[in-house]
Structure formats: structure tokens, C-alpha cells
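Okay, so here's the structure we're looking at.
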Amino acid sequence: MQRCKDIKREFIFCCLENIYTKYLELIICVSAPLRDKRKRNMETIVEVKNLVKKFQIGTGFFTALKGVNLEFTEGEFTGLVGPSGSGKTTLLNIIGSLDVPSEGEVVVLGKSVGNLTPKDAAQLRKEELGFIFQNYNLLPVYTVFENVEFPLLLLNMSSDERKKRVLETLEWVGLTNKVSSRPSQLSGGECQRVAIARAMVKRPKLVLADEPTANLDAANSHNILQTMEKLNRELKTTFIFATHDEKVIGYLRRKIMLADGKVVEDKRTTPNP
Ligand SMILES: Nc1ncnc2c1ncn2[C@@H]1O[C@H](COP(=O)(O)OP(=O)(O)O)[C@@H](O)[C@H]1O
Ligand SMILES: [Mg+2]
């Protein structure tokens, strides 16, 4: 009788163990692809697939980008380089959802920019992207503090939180002594540092900088590049530049050469930190 009970118990135990093993196998099978996908999504910031951009000129078209394929991952410090007219700004504008592809697809942080409504594109720019332009684009009647605070006004953030963020960001770019100055009271280099702070204040994943040193002398160019490099290393923010300035090119860890709307070279000099 006791032996019969033992066999029965062993049988039940064996069944339970089998069910448990199958359950574990199922969990591993289901979670592995999800884990890989999450990792991939985290790492890929921008995907450019067979991108063609045509501009209408009169009754015809001018093709500015002729089948561009690129992938950018988290933490890159990369430049689109090439002569004037090669398509750098056009590509940067599409990545920044300021323009749309004519053919192909550009996926930015998981969103296909060609399929976004104007409202969704504005939301993407407002929440996830930072822009730096060659002419700074600061609001002249606003102080340095107010210029940097501006992007945060579009987000749902308390005034205490905004103040903390703005002051912290101005400290990163070395401008805490200019909080109350207006752009007309600043040098070109200081204006560009305000623009960097304005781009960084919402902690975007991706910053796009179009010829950021075009109006700066050599010393100021090196200064703002060192500031951006520091932010890239410390915050892992991805930077994509459009530039033909050799000083900028010297800082890049990946150089994508465009010529006549096509990628003719894609070279990594240093791995991401
Ligand atoms: N809105 C537009 N309409 C027509 N042609 C344009 C437009 N924008 C850019 N282009 C043309 O596309 C080409 C690439 O321009 P762009 O991307 O600004 O070059 P880059 O930034 O490398 O100097 C140029 O020949 C330019 O004239
Ligand atoms: Mg340009």
C-alpha cells in the first residue's frame, strides 16, 4: 500500500516537473525575441532607406537625394560632409521631420517621418529632437534664460522644474554668468552656446546641427565642439552634423561623405564611447 502511494507521489512530482520545465522553455522562447527587439530599438536612432528627395522646379524636378541608405545608432557623433549643394541640409531636414521623403523611408526613433501628420511631426520635434543652426535662431527680445526655457514651455513641466533644468543646462555650456543677458549683448560663440543649451534643455535623444560653426572663428568653433562632445559622452546624446568645416570634421567619430545627392563614403574613425 505504502509503495503504491510512493509511486503515485513520484508520478505526480514527475508531471509537475515536466510542466514547470515546459513553462520555463516557453517563457525563454517568448521573451528572447522581445528582449532582442527592445535592444535593437534602443540602439537604432535613425534609419534611412532608399531615400530619394525631389524638389519641383517650374514644371520639372530636381533630385537632391538619389537613393540614400544609412543607419545611425545611439551615442553617435557623426557628420554629413561634402561640398555645398551635395544634399546635407536636405537629408538633415528630413531626419528632423521638417521635410518628407519623395521616395523611400526615414524612420526616426521608431517613427516613419513620411507617414506623420503635421501634428505628430511637431510632437516628435518638440519632445525628442534638438536643433542647432548656423545663425543661432535665438529670440532677440528674450534673455538667455528665457531662450533656453522656451522649448520647456511646450512641455508639461512646472516652473520650478523648468528653472532647475535651464540653470543646470546653462552650467553645462558655461553660461551661468549670462543668464539675464540678451543675444545682442553676447558674442557669436556665446550665442551658439545658448543655442546648444536650448537644444539640450529637454534632454533630447537626437541633436541635429546644420553648419554650427559657419559664423564662428576658430577658437569659438573648437570651444562649442568640445562642449557638444562632452554632452555626447556624458549624456549619450546622438549628434548628427551637416558641415564642410574641417575643424568640425576633426571631432567626428563617423564621417559620411555626400556628393551629388549620394553617399560616396561612410567611415568610422573612432568607436562610440
Ligand atoms: N526647396 C528647394 N527647392 C529646390 N531645390 C532645392 C531646395 N532645397 C535644396 N535644393 C537643392 O538641392 C541641392 C542640395 O541642397 P542642400 O541640401 O541645401 O545642400 P548642402 O546643404 O549640401 O549645401 C542643391 O542643389 C539645392 O539647390
Ligand atoms: Mg546646407
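Here, each number is a calculation from the coordinates, and none is a lab measurement. Here the structure is a predicted model, which is why all the values come from computation and not from measurement. Using ideal geometry, Cβ is built from the backbone for each residue, glycine included, and neighbour counts are taken over all protein chains shown.
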Members of the range 91-129 that are charged (D, E, K, R), assigned to a helix (DSSP H, G or I) and farther than 21 Å from A209 by Cα: K119, D120
Close pairs (8 angstrom Cβ cut-off, 6 or more residues apart or separate chains): within 16 Å of ligand 2 (Cβ to nearest atom) in the range 42-56, of a type in the set (D, E, K, R) anywhere: K53/D99
Residues of the range 212-240 satisfying the condition of being farther than 24 Å from L154 by Cβ, hydrophobic (A, V, I, L, M, F, W, C) and within 16 Å of ligand 1 (Cβ to nearest atom): A214
In the range 73-90, residue farthest from ligand 1 (Cβ to nearest atom) [restricted to those that are of a type in the set (G, A, S) and assigned to a loop (DSSP other than H, G, I, E, B)]: G75
In the range 196-211, the residues that are within 16 Å of ligand 1 (Cβ to nearest atom), over 8 Å from the mean Cα position of the chain (by Cα) and crowded, with 24+ Cβ neighbours inside 10 Å: A209
Conditions (1) surrounded by 15 or more Cβ atoms within 10 Å (Cβ to Cβ); (2) touching a residue at least 24 places away in the same chain (Cβ under 8 Å); (3) not small (G, A, S); number of the one not met by N137: (1)
Residue match in the range 162-170 (condition: without any contact (Cβ under 8 Å) to a residue 12 or more places away in the chain, within 17 Å of the chain's Cα centre (by Cα) and in a helix (DSSP H, G or I)): no
So N215, is it away from ligand 2 (no atom under 16 Å from the Cβ) and among the polar types (S, T, N, Q): no
Lone qualifier among L109, L129, L124, L98 - being within 16 Å of ligand 1 (Cβ to nearest atom) and either surrounded by 20 or more Cβ atoms within 10 Å (Cβ to Cβ) or under 19 Å from the mean Cα position of the chain (by Cα) (or both): L98
